[in-house]
Amino acid sequence: MEKGTVKHFLNNREEYSNQEFLKEMKEKNEGLNFMREIEEGEENSGELENIPFIVKDAICTQGTVTSAGSEMLKDYRPPFDATVVERLKDSGGKFYGKTNMDEFGFGTFSTNCAFATPKNPHEEERVVGGSSGGAGAAVAALDYPLISVGESTGGSITNPASYNGVVGVTPTYGRVSRYGLVDYANSLDKIGVLAKTVFGAAKGLEIIAGEDDNDQTTSSEELNPYSDLEEKENLKIGVPKQMIEVDGIEDGVRENFETSLEKLEEIGEVQRVDMPLLSADVTLPAYYIIAMAEASTNLAKFSGMRYGFEKDPEDFEDFNEYFSEVRSEAFGDEVKRRILLGTYIRKAGYRDQYYIKAAKVRTKIINSFEEAFEEYDVLVTPSMPNIAPKIEEAESLSPAEMYAMDSMTVGPNLAGVPQVSVPNGESNGMPTGLQFLGPQFGEEKLLDIAYSFENLKSE
C-alpha cells in the first residue's frame with residue numbers, strides 16, 4: 001500500500017505530523033484554491049486516530065463558515081455539525097476545513113464558485129470538475145492520507161474523482177444521512193467520500209453511513225464493514241451500450257475504457273447490454289427537470305431575513321422589493337437560471353407536462369437498473385466522457401453544452417444506485433476514470449469489485 005493512504009497511516013502513524021499536513025494544505029491551496037476555509041480542528045481519539053478529513057462547503061460544520069459556494073451564505077456559521085461530520089469526529093478524525101464548490105452544487109466544473117475557481121493539481125489551467133471540485137482536487141494535491149467528504153446530486157463525486165485521478169464513492173440514496181446538508185434537490189442528494197484509494201473511500205463511507213433519526217430518508221438496511229475488502233472473480237460484468245455508443249467520448253477516454261474491459265475479463269465475463277432508457281436523450285432532460293424543480297423550491301428559503309446575505313429593510317418600500325434585491329445581488333447567474341427554469345416547471349399547466357412526466361421516466365430508469373442487476377453483478381462505464389477541459393474552455397460552454405457533460409452520471413443518480421469511480425490511466429497527461437455501478441445498497445460488493453480492479457491495474 002502506497003504512502004498517503006488511510007491504511008498506511010493507520011499502520012504508520014508515527015510518520016505523520018498534523019502540523020506538517022496543515023502547512024502543506026495551506027501552501028498548495030494558495031495556488032490551487034481547492035479549500036474555501038482552512039481550520040485545524042481538535043484532536044480526537046478513536047478508530048481514525050486524527051486522520052485528516054475535509055468537508056464540502058455545502059455540509060454544515062459548527063462554527064466554521066458553510067457558504068455552499070454562494071455570496072448568499074458567505075458569513076453563515078452553523079451552530080451544529082452535520083451528522084457525517086459528527087460521526088467522523090466521534091471516530092477520531094480531525095477536521096481541517098471546507099472545500100470549494102460550484103454555488104449550491106450547480107455546475108460541472110467548479111467554475112461557478114462565488115469566491116475562487118479551484119485549479120487542477122495535474123495541470124493548473126484545467127478545471128477540477130464539479131460540483132465537489134475542491135474535494136477531489138485536495139485529495140489529488142495532498143500527499144497525506146485524507147478523507148474528503150463530497151456530495152452528489154447528478155454526478156458531483158464521480159466527476160471530480162475522474163478529473164483529478166482519485167477514487168470517489170457515491171452511495172445509495174438513503175445510505176448516508178443528509179442532516180446538515182444545504183439541499184440542492186432533496187430526492188437526489190447523496191453524501192459520499194473521495195480518497196486516494198478504494199480502501200480510503202471505503203473506510204470513510206463505513207464511518208459516515210447508517211440510519212439517522214435526524215433524517216427520515218435514511219435506510220435501516222444492514223450496514224457492512226466496507227473496508228474489509230476482498231478481491232472478486234467469476235463476475236458477470238455489463239456494459240450499457242447507450243452510455244458508451246454516443247458522440248462526444250474523447251478518443252483517449254474510449255481507448256482507456258476498452259483496455260480496462262480487457263483487463264476486467266481476468267475476473268469476469270464482460271457483455272454489452274442494451275439499456276435504452278440510459279440514453280442521454282432520456283436521462284439528461286429527466287434529471288434536469290426534476291433537479292431544477294426541487295432546487296427552485298429549496299432556494300426559496302434564502303431571502304436575506306433569518307441568515308445569510310442581507311440589506312437594511314428600511315431602504316426598501318416593501319418586502320417583495322427587498323427580497324428581489326437581495327436575491328438578485330447574492331445569487332450567481334447559474335443559480336438564477338435554475339430558479340427560473342425550476343419555477344416554470346412547477347407552474348400550473350406545466351407541472352404535468354414536464355415534472356410528472358420526468359418522474360415517470362425516472363421510475364422506468366430505476367426499473368431498468370433493477371432488471372440489469374438481476375443478471376449482472378456490476379455495470380461499468382467511463383466516469384466522464386472527457387478529460388478535464390481547460391478553465392477558459394469550460395467557461396465558454398453554453399448551459400446546454402455544460403449539462404450534456406453529465407451524460408455518464410445522471411442516469412445512475414436518478415436511480416439512486418451506488419457508484420464508485422476509480423482512476424483509469426491518462427490521456428494527454430490528464431486522468432480518466434472508470435465508473436462501477438451496483439444495485440441499491442450493494443456498496444459492499446461494489447467496493448470489492450472496484451478494489452479488485454485497482455489491484456489489476458497495479459499489476
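Determine, yes or no, whether residue 47 is over 23 Å from residue 141 (Cα atoms), surrounded by fewer than 17 Cβ atoms within 10 Å (Cβ to Cβ), out of contact with any strand residue (DSSP E or B) (no Cβ under 8 Å at 6 or more places or on another chain) and at pLDDT below 95. Taking the combined requirement at face value, the residue satisfies it. Can you tell me which residue in region 222-245 is farthest from the chain's Cα centre (by Cα), limited to those that are crowded, with 16+ Cβ neighbours inside 10 Å and part of a loop (DSSP other than H, G, I, E, B)? Among them, the one singled out is 232.
Taken together, 401, 426 contain a single residue that is out of contact with any His (no Cβ under 6 Å at 6 or more places or on another chain), assigned to a strand (DSSP E or B) and surrounded by fewer than 19 Cβ atoms within 10 Å (Cβ to Cβ), which is 426. Considered as a group, the residues in region 371-393 that are buried (at least 23 other Cβ atoms within 10 Å of the Cβ) and among the small types (Gly, Ala, Ser) include one that is farthest from residue 420 (Cα to Cα), and that residue is 388.
Restricting the first member to region 314-339 and to residues that are farther than 17 Å from residue 115 by Cα, and the second to residues that are at pLDDT 90 or above and among the aromatic types (Phe, Trp, Tyr), the beta-carbon pairs closer than 6 Å and six or more apart or on different chains are 338/106.
Within region 59-87, being of a type outside the set (A, V, I, L, M, F, W, C), surrounded by 24 or more Cβ atoms within 10 Å (Cβ to Cβ) and in contact (Cβ under 8 Å) with a residue 60 or more places away in the chain holds for 66, 69, 70, 83.
Filter region 429-447 down to residues that are among the acidic types (Asp, Glu) and surrounded by fewer than 24 Cβ atoms within 10 Å (Cβ to Cβ), then give me how many there are.
If we filter region 429-447 for residues that are among the acidic types (Asp, Glu), which is where we start, we get 443-444.
Adding the requirement that they be surrounded by fewer than 24 Cβ atoms within 10 Å (Cβ to Cβ) leaves 444.
Qualifying residue count, region 429-447: 1.
Inspection of region 271-278 finds a residue satisfying the criterion of being within 19 Å of residue 433 (Cβ to Cβ), in contact (Cβ under 8 Å) with a residue 40 or more places away in the chain and within 22 Å of the chain's Cα centre (by Cα). For the subset of region 373-398 comprising residues that are of a type in the set (A, V, I, L, M, F, W, C) and part of a helix (DSSP H, G or I), which member is nearest to residue 448 (Cα to Cα)? Filtering region 373-398 for residues that are of a type in the set (A, V, I, L, M, F, W, C) and part of a helix (DSSP H, G or I), the one nearest to residue 448 (Cα to Cα) comes out as 373.
Selection within region 7-30: residues that are assigned to a helix (DSSP H, G or I) and of a type in the set (Phe, Trp, Tyr). The member of this set that is nearest to residue 91 (Cα to Cα) is 9. Go through the residues of region 131-139 one by one and say whether even a single one is surrounded by 24 or more Cβ atoms within 10 Å (Cβ to Cβ) and more than 11 Å from residue 34 (Cα to Cα). Within region 131-139, one or more residues are surrounded by 24 or more Cβ atoms within 10 Å (Cβ to Cβ) and more than 11 Å from residue 34 (Cα to Cα).
The values are calculated or read from the model by the stated rules, or taken from the named source; none is laboratory data. Not measured: the values here are computed from a predicted model. Because the Cβ atoms are built from the backbone with ideal geometry, glycine has one as well, and the counts that use them run over all protein chains shown.
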